[in-house]
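Single-structure report; data block below.
Readers should treat all values here as calculations from the given coordinates under stated rules, not as data from a laboratory. From a predicted model like this one, the values you see are computed outputs, not experimental measurements. When we count neighbours, we look across all protein chains shown, and the Cβ atoms used for this are built from the backbone with ideal geometry, even at glycine.
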Amino acid sequence: MPVVVEPLVIAIDGPGGSGKSTVAASLATAMSLPVLSTGVFFRAVAWGLADTGVDDAQVDDWFDRHSVAVEGQLGVVDGVVLTDELRSPVVQVSLSKVAASPRVRSHVLDLERREIERLGECVVEGRDIGSVVWPHASCKFFLAARQEVRLRRRPEEGPKLFERDRKDSIRAHAPLVIADDAFIVDNSDDAVDELVIRMRELIGVRTGRC
Ligand SMILES: Nc1ncnc2c1ncn2[C@@H]1O[C@H](COP(=O)(O)OP(=O)(O)OP(=O)(O)O)[C@@H](O)[C@H]1O
Ligand SMILES: Nc1ccn([C@H]2C[C@H](O)[C@@H](COP(=O)(O)O)O2)c(=O)n1
C-alpha cells in the first residue's frame, strides 16, 4: 500500500495582538512555505460592506457581485488592492459584527478552504483555523500573550482590542477557541526567532517532518 502523505498545513490561532501574523510569516519563511492571514478576508469584507449592512440578503448580494482575495497582508476586492483601509476606523467599527455574521463566515470559509487547497502546504493564521477551517491541520498552535503585552503591541487599537477578542470568543459561529489538539504557546517574553525554533521542534514532534 502506498503511504499517503497529507500536505503540511500549520494552523495558528489566537487573540488580537498575540503575534499571529508576525510569527506565521517568520515560521513560513523558515520552512519555505506560503502564508495565509485569514483576518485579511474579514477586514476586506468589512470594508466592502461598510456602505451596506450585514443582513443575510445584503451579504449574499455583495458576494455575488464582488471578488475578494488575500495576498500576504493585502486584501484585494474586485482587483483593487487594500492596504491602510484594512485597519481604518470604518473597518474597525464593524469588524466584529461582520465576522459574527453566519453568511459572511460561510462565504469566507469557502474562500479560505479553496486558498489552502490551492497553496497545498502552508501556514494559516486566524481565529478558527484549527477548530473549523482546517480541523485536520498537521499541527495546531494557539498563540497567547499577556494582556499588557498585547496592548503594547497594538497601541493604535487600545483597550478596544479586548472588546474585539471578547466578541470573537462569544459569537455563536466559529468563535475563537483553543482546539483540543493545539499547542498553547505564550510568546509574551519570547523573540520571534526563538519562538519559531520552538514551534518547529513541536511541528517535528507532531508530524515527524520539519
Ligand atoms: N514575539 C514578539 N515579540 C515582540 N513583538 C512582537 C512579537 N510578536 C509580534 N510582535 C509585534 O506585535 C505587533 C502585533 O503583532 P501581529 O500583527 O503579528 O499580531 P496578530 O496576532 O496578528 O494581531 P491581530 O490579530 O490584531 O491582527 C506587531 O507590531 C509585531 O511586530
Ligand atoms: N479565521 C478568522 C480570522 C479573523 N477573524 C475575524 C475576527 C478578527 O477580529 C478579525 C480581524 O482579524 P485580524 O486581522 O486581527 O487577525 O477578523 C475571524 O473571525 N476568523
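Judged by the mean number of other Cβ atoms found within 10 Å, the most tightly packed of the peptides 125-136, 99-110 leads the ranking 125-136, 99-110. Quick one: grab the alpha carbon gyration tensor of the range 29-142, order the square roots of its eigenvalues as a ≥ b ≥ c, and give me rounded if a/c is under 1.5, else prolate or oblate depending on whether a/b is larger than b/c. Prolate, because a/c is 1.5 or more and a/b exceeds b/c.
Considering only beta bridges that DSSP places wholly inside the range 9-207, some 30 percent are antiparallel. Comparing Ser101, Gln58, Leu151 along the charge dipole axis of the range 9-207, the residue lying farthest to the positive side is Leu151, per the Cβ-charge model. In this simple spin-label model, placing a label point 7 Å from the Cα along the Cα-to-Cβ direction at both Ala57 and Arg209 gives a separation of 4.7 nm. For the range 184-196, putting each phi into the Karplus relation 6.51 cos²θ - 1.76 cosθ + 1.60 with θ = phi - 60° gives couplings of 8, 10, 8, 10, 4, 10, 10, 6, 4, 4, 5, 5, 4 Hz, in residue order, rounded to whole numbers and with x for Gly and Pro. Straight Cα distances below 17 angstrom link Lys97 to the lysines Lys160, Lys167, with same-chain residues fewer than 8 positions distant left out. Amide H to amide H distances under 5 Å link Phe141 with Ala11, Ile12, Asp13, Phe183, where only residues 5 or more positions off or on other chains count and H is placed in the peptide plane. The label-point distance for Glu117 and Glu194, in a model that sets each label 7 Å from Cα toward Cβ, rounds to 4.2 nm. Of the GluC sites (Glu not before Pro) found in the range 137-174, those that fall in a DSSP loop while having at most 16 other beta-carbon atoms within 10 Å are Glu156.
Here the extension length gained between Val90 and Val5 equals 26.2 nm, from 0.36 nm per residue of separation less the Cα-Cα distance.
Whole Å is fine, so just give me how far the alpha carbon centre of the range 178-210 lies from that of the range 17-33. The two parts, judged by their Cα centres, are 11 Å apart. The alpha carbon centroids of the range 66-119 and the range 128-163 are separated by 17 Å. Checking the a/c ratio against 1.5 first, then a/b against b/c, what shape does the Cα gyration tensor give for the range 9-207? Prolate is the answer for the range 9-207, as a/c is 1.5 or above and a/b outweighs b/c.
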